[in-house]
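One structure follows; several queries about it will come next.
The values are calculated or read from the model by the stated rules, or taken from the named source; none is laboratory data. Note that this is a predicted model, so its numbers are computed, not measured. No Cβ is skipped: glycine too gets one built from the backbone with ideal geometry, and neighbour counts run over all protein chains shown. Quick note on the areas: whole protein, heavy atoms, side chains included, nothing else; ligands and nucleic acids left out. Shrake-Rupley method; radii C 1.70, N 1.55, O 1.52, S 1.80 Å.
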Amino acid sequence: MFKFILSKKMLLPIAGAALISLVFSGCRGQKSTEPPIQPIQNMVEQTSYGPQSKNEFFKDGLAYRAPVSGTVAQGEERTNKPLYFGQESDSTDQNPKWVKKIPIKLNDKVLQLGQEKYNIYCATCHGPAGNSDGPVTQRSGGAIRPANIHDADKINLADGKIYDAVRNGVNNWNMPGFAAQMTVEERWAVVAYVRALQISRTAKTENVPEDVKAKNGWSNKK
């Protein structure tokens, strides 16, 4: 058998390591009013700028930089002009050509989505049925006069023009744009629902699908 004898030289480091371990283990989970130690300061105290703040590094003094000319940010490839802008592919800013057909597939789910978003963002002024009688309009005492979507000039608007109004607003933002609040699909869904509201005014019973008429007991009378 071998005898393991601890010398004084070995005992001191072992005791020191045990003491350090004991001290650190006692700190776990303990609350302290002292600020934490931050060995790497540059990861905590980073230079940042708020909106419209200055940055003397650039000649124009602007902290927020415009995108490099000719570049497109990831996820913002807006090459499908009819879908993203409601304009034909050969449309220009000087001569916009609005699409006449909604460029997404329409179904009940899309119309329900359009109804939901219309009721949130549009009905407050235009009214639930589009008669320009929403609660904001009524309480304004006539000071706010949003469009009645059943007027002839609104019925004759191209689908792309209605989409542009939803996206960018109209009349210098008397009606605000909702590009930040709605996705592309949601904007087109609102356009589809506006069309459904318009059609509902002039639709005849004969235009209703047979299964819907049978379910509701409707005849083909006008």
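From the backbone phi of region 79-94, what are the Karplus-calculated ³J(HN,Hα) couplings (6.51 cos²θ - 1.76 cosθ + 1.60, θ = phi - 60°) in whole Hz, Gly and Pro given as x?
The phi angles translate into 7, 8, 4, x, 6, 7, 10, x, 10, 5, 4, 9, 6, 10, 5, 6 Hz.
I need the peptides 160-166, 34-40, 174-180, 54-60 ranked by packing, meaning the mean over residues of other C-beta atoms within 10 angstrom, with the highest value on top.
On the way: 160-166: 23.1, 34-40: 6.3, 174-180: 13.7, 54-60: 9.0.
The packing order, highest mean first, is 160-166, 174-180, 54-60, 34-40.
Using 1/(1 + (r/R0)^6) with R0 = 41 angstrom and r between the beta carbons of residue 54 and residue 17, what's the FRET efficiency to the nearest 0.05?
0.15
State which helices in the chain qualify, where a helix is a whole DSSP H run, it must extend 27 Å or more along its own axis by its Cα atoms, and its mean Kyte-Doolittle hydropathy must be at least -0.5. Kindly include the intermediate steps, with their values, before the conclusion.
Working: long enough: 8-27 (29 Å, 1.46); 184-202 (28 Å, 0.15).
In the chain, the long hydrophobic H runs are 8-27, 184-202.
Then there's this: Take residue 33 and residue 218, extend 7 Å from each Cα along the Cα→Cβ direction, and tell me the distance between the two endpoints in nm.
Roughly 7.4 nm, to one decimal.
At 222 nm, what helix-only mean residue ellipticity would the chain give, in deg cm²/dmol to the nearest 500, using -39500 (n - 2.57) for each DSSP H run of four or more? Could you put the intermediate results ahead of the total?
Values: 9 runs with 88 residues, N = 222.
About -11500 deg cm²/dmol.
Defining a contact as two alpha carbons under 8 Å apart and six or more residues distant in sequence, what relative contact order in percent does the chain show? Write out the running numbers ahead of the final one.
Numbers: 188 pairs, mean separation 32.7, N = 222.
Across the chain, relative contact order equals 15 percent.
Given H placed on each backbone N at 1.01 Å, which residues far from residue 170 in sequence or on other chains put an amide H within less than 5 Å of it?
The answer is 175.
Considering only protein heavy atoms, with the full assembly of protein chains and a 1.4 angstrom probe, order 99, 44 by accessible area, largest first.
Details: 99 10, 44 80 Å².
Largest to smallest exposure gives the sequence 44, 99.
Using a basic spin-label model with each label point 7 Å from the Cα along Cα→Cβ, how many nm lie between residue 105 and residue 170?
If labels sit at residue 105 and residue 170, their model points lie 3.1 nm apart.
If you don't mind, there's one more thing I want to ask. Provide the FRET efficiency to the nearest 0.05 for the residue 196-residue 41 pair, computing r from the beta carbons and using R0 = 41 Å. Write out the running numbers ahead of the final one.
Working: r = 60 Å, r/R0 = 1.45.
Step by step, r from the Cβ atoms, then E = 0.10.
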